[in-house]
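Worksheet for the structure shown next.
The values are calculated or read from the model by the stated rules, or taken from the named source; none is laboratory data. Everything quoted here is computed from the prediction, not taken from an experiment. Note that each Cβ is placed from the backbone with ideal geometry, even for glycine, and that neighbours are counted across all protein chains shown. These accessible areas exclude ligands, DNA and RNA; they are computed on the full protein's heavy atoms, side chains included. Shrake-Rupley method; radii C 1.70, N 1.55, O 1.52, S 1.80 Å.
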Amino acid sequence: MTLKEKGEKIFHLLDTHSSDKIEFLEFRSPFELLISVILSAQTTDISVNRVTPLLFETYPTALDLSLGNLELVEKIIHSTGFYKNKARNIIGASKSLVENFNSIVPFDMDSLLTIPGIGRKSANVIIGRFSHPGAIIVDTHFMRVVHRLGLVSKKDPYTIEMEIKELIEEKKQYRFSMIVNLHGRRVCFSRTPSCKTCILSHLCDYLMVTGISTNG
Ligand code: SF4
């Protein structure tokens, strides 16, 4: 079996067993997703979803948040952690949208990367959700799972993104990212992956390397 065939099989199995709902940040617009993605660094989607209703009620637009009061913003997002950096970043990102993009979130990688708090991973979240499905989102869960499965050879996020792009059809890439990520959160845990109940066990290199048996 080629790596491409293996990637296709993994996509098919995870796709069949996943619901259509693959996004867990709550947002109503590209602006809200961009801000939520910045807030989601080092925390859970649930904790972001807890603070964003008040944040977007207080500051509904990029212009509003660009003029936001730093202390108040810090207070609203405090529970997401790293709140000082995040508050500066979401105000800075809003300023960048207003000053450079006419308050409209851009959908191309180069422009997104100029926005404070937005790296390649976050940019791909926005591109994949709103622009086109050719977007691979490489976060810690995704990296762990594709590595264990033997789909990639390197460990740095950019190379992983490029290697996966070669394996998975462009129209499937965004969904592939999300369902692999979910598999990492729900089955392929960092410390003790649930290999015995994993639907991908027959395709996984980790079991061969570690010698773990899924029998019994
Ligand atoms: S078999 Fe184990 S290591 Fe491989 S993907 Fe499944 S849970 Fe992860």
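The figures follow:
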quantity: Accessible-area value, I46, 1.4 Å probe, nucleic acids and ligands omitted, Å²; calculated: 110 Å²
quantity: Dipole of the chain [Lys/Arg +1, Asp/Glu -1 at C-beta], most positive-end residue of H132, Q42, P116; calculated: Q42
quantity: Förster-model FRET efficiency, 22 Å R0, F82 and D156, C-beta, rounded to 0.05; calculated: 0.45
quantity: Computed accessible area, D64, all protein chains, 1.4 angstrom probe, square angstrom; calculated: 60 Å²
quantity: Farthest positive-ward along segment 7-113 dipole, Cα basis, beta-carbon charges - from V105, F24, T58; calculated: T58
quantity: Residue-averaged [θ]222 nm for the chain, counting only DSSP H segments that reach four residues, each worth -39500 (n - 2.57); calculated: -17500 deg cm²/dmol
quantity: Accessible area expressed per residue, the chain, with surrounding protein chains retained (probe 1.4 Å, Å²); calculated: 52 Å²
quantity: Total formal charge among the other residues, if their Cβ is under 13 angstrom from that of G81, Lys/Arg +1 and Asp/Glu -1; calculated: +2
quantity: Computed magnitude of the charge dipole of segment 30-130 (debye, nearest 20; Cβ of K, R +1, Cβ of D, E -1); calculated: 300 debye
quantity: Residue-level accessible surface for T44, protein heavy atoms, 1.4 Å, Å²; calculated: 80 Å²
quantity: Only Lys, Arg (+1) and Asp, Glu (-1) charged, at Cβ; the chain dipole about Cα centre in debye; calculated: 680 debye
quantity: Relative contact order (%) - criterion: Cα under 8 Å, at least six apart; region: segment 39-94; calculated: 44 percent
quantity: Percent RCO, i.e. relative contact order, over the chain, from Cα pairs under 8 Å lying at least 6 residues apart; calculated: 20 percent
quantity: Lys/Arg +1, Asp/Glu -1 at C-beta; the chain dipole; positive extreme among L200, G68, I164; calculated: L200
